[in-house]
Structure formats: C-alpha cells, structure tokens
C-alpha cells in the first residue's frame with residue numbers, strides 16, 4: 001500500500017471513529033488518494049500524494065467539489081500526533097461550514 005493510500009485510510013477510519021455520525025468516500029489512484037468526509041451535509045475534502053508528507057484539507061460543497069474552499073495543509077508523519085492534528089482540522093472545518 002502506498003503512502004497516500006495508507007494515510008487517507010488512517011485519516012478516514014479515525015474520522016469515522018472520532019466524529020460521530022460522519023461518513024466518508026475514498027478513491028485511490030496510482031500515486032494519489034482522496035477522500036470526502038461528510039457530517040450533516042457538510043463536506044471536507046482530503047487529498048494526499050505518495051510524493052508528499054502533506055495532506056490537503058478543505059471544505060467542499062459536495063462529493064464532486066474538487067476546488068472547494070480555502071486550502072489547509074497539514075504535515076503528516078508516522079505518529080499518532082500528526083493524524084490527530086489532521087482530525088482536529090477536519091473537525092474545525094466540518095463544524096464551521098454551513099450545510100449545502
């Protein structure tokens with residue numbers, strides 16, 4: 001499993017566990033993975049490349065919105081702390097955005 005696929009899988013699994021009522025969709029390409037996390041019709045888009053240790057996180061209108069809101073980047077290491085920072089950012093965005 002590539003770095004991006006592993007990171008997106010970990011992030012979405014932790015989001016599902018730590019954001020009650022949320023759901024997600026994931027898509028994995030050759031060297032790139034994305035996901036949308038949804039809670040009460042509020043979406044957050046997450047993107048990661050195999051070549052980067054950064055995760056892009058931003059608000060989205062729906063699961064087809066790939067241009068979305070303001071870009072936020074989180075450094076992603078191998079430790080739990082880095083994943084917790086990404087989850088905190090997702091939580092902030094999903095609670096801040098208004099429903100579609």
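Values in this text are rule-based calculations from the coordinates and carry no lab data. Note that the structure is a prediction, hence the values are computed from the model and not measured. Don't worry about glycine lacking a Cβ; one is built from the backbone with ideal geometry, like all the others, and counts go over all protein chains shown.
General remarks:
- Residue-averaged 222 nm ellipticity for the chain, from DSSP H runs of 4+ at -39500 (n - 2.57), nearest 500: -11000 deg cm²/dmol
- The peptide list 20-26, 30-36, put in order of mean Cβ contacts within 10 Å with the highest first, becomes 30-36, 20-26.
- Chain lengthening between residue 62 and residue 92 when straightened (0.36 nm per residue, less Cα-Cα): 9.1 nm
- Over the stretch 3-96, the ratio between the Cα radius of gyration and 2.2 N^0.38 Å evaluates to 0.95.
- Separation in nanometres of the label points that stand 7 Å from Cα toward Cβ, at residue 27 and residue 70: 2.6 nm
- Listed peptides 87-96, 41-50 by packing density, highest first (mean Cβ within 10 Å): 41-50, 87-96
- Each peptide among 3-9, 58-64 gets the average number of other Cβ atoms lying within 10 Å of its residues, and from highest to lowest they stand as 3-9, 58-64.
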